[in-house]
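In what follows, a single structure is set out as structure tokens and then discussed.
All of the numbers you see were taken from the coordinates with simple rules; none came from a lab. Here the structure is a predicted model, which means the values were calculated and not measured. When we count neighbours, we look across all protein chains shown, and the Cβ atoms used for this are built from the backbone with ideal geometry, even at glycine.
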Amino acid sequence: MPHKGQILENPHTGDTYEFLETAADTNGDYIRVKVTIKSRGIRMPAHIHKVQDEFFEVISGKLTVVDRREKIIIYPGGEWFFPSDRPHNHYNNHLGKVVYIQTISPALDFDYLLETLHGLSCDGKIRKGKIGFLQQMVLLKYIDSKRVLADVPLGLQNVLVNALAPVGRILGYRAVYKKYSGMENKAGAFYGYCFRKSDGFRLVAFLKKRLK
């Protein structure tokens, strides 16, 4: 189960994720993670967070972000904000490591998603940023922190996810694994957190508080 101070380290790449604040710490408002990426290159396909905002603060090194189709390099002290529903990506495309703080709001079960992705990667089930097809279908359907692929038509994704995710579960694939998180339940249910755009917490509000 994700907790403050927990560090996830990938033995294959040396990349680490340190939970600074989890969903439990913020009552589901947001999570903050200190990320150190030593591996170079694109680690995941371009994607869209359907209901979550994302904010990056670069501490050291250089972070490459792709905002829609525009590629930008963020230097130490630089920041970047992705509102929900915007196609984007981010990765280390330079020699040397990059260290940054990533904030996701609302939290939903994003910290559990990180545990799942970390565990799968450590077990060799994610190679060069690519997740097995059925595992991807299960994550897309059963994780509350909805991410969709930016370069695949949404209608096609919905058809595939709704048809194949239940098959994946029958075959043993999970969105949250007991092996990695100590439970298989969907994390969002633990906090009773219901997000509504009209009155839910947004990362914009977090940033305003931070700048006061």
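Data for the structure
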{"item": "Positions within region 11-39 being crowded, with 18+ Cβ neighbours inside 10 Å and under 18 Å from residue 63 (Cβ atoms), in sequence order", "result": "15, 16, 17, 32, 33, 35, 36, 37"}
{"item": "Residues within region 43-68 that are surrounded by fewer than 16 Cβ atoms within 10 Å (Cβ to Cβ) and of a type in the set (Val, Ile, Thr), tallied", "result": "1"}
{"item": "Failed item, numbered, when residue 70 is tested on (1) more than 24 Å from residue 178 (Cα to Cα); (2) free of Cβ contacts under 8 Å to residues at least 12 places away in the same chain; (3) of a type outside the set (Ser, Thr, Tyr); (4) in contact with a helix residue (DSSP H, G or I) (Cβ under 9 Å, 6 or more places away or on another chain)", "result": "(4)"}
{"item": "Number of the exception - residue 155 against (1) crowded, with 16+ Cβ neighbours inside 10 Å; (2) assigned to a helix (DSSP H, G or I)", "result": "(1)"}
{"item": "Scan of region 1-50 for residues that are touching a residue at least 24 places away in the same chain (Cβ under 8 Å), out of contact with any Lys or Arg (no Cβ under 7 Å at 6 or more places or on another chain), among the basic types (Lys, Arg) and over 22 Å from residue 150 (Cβ atoms), ordered by number", "result": "32, 34"}
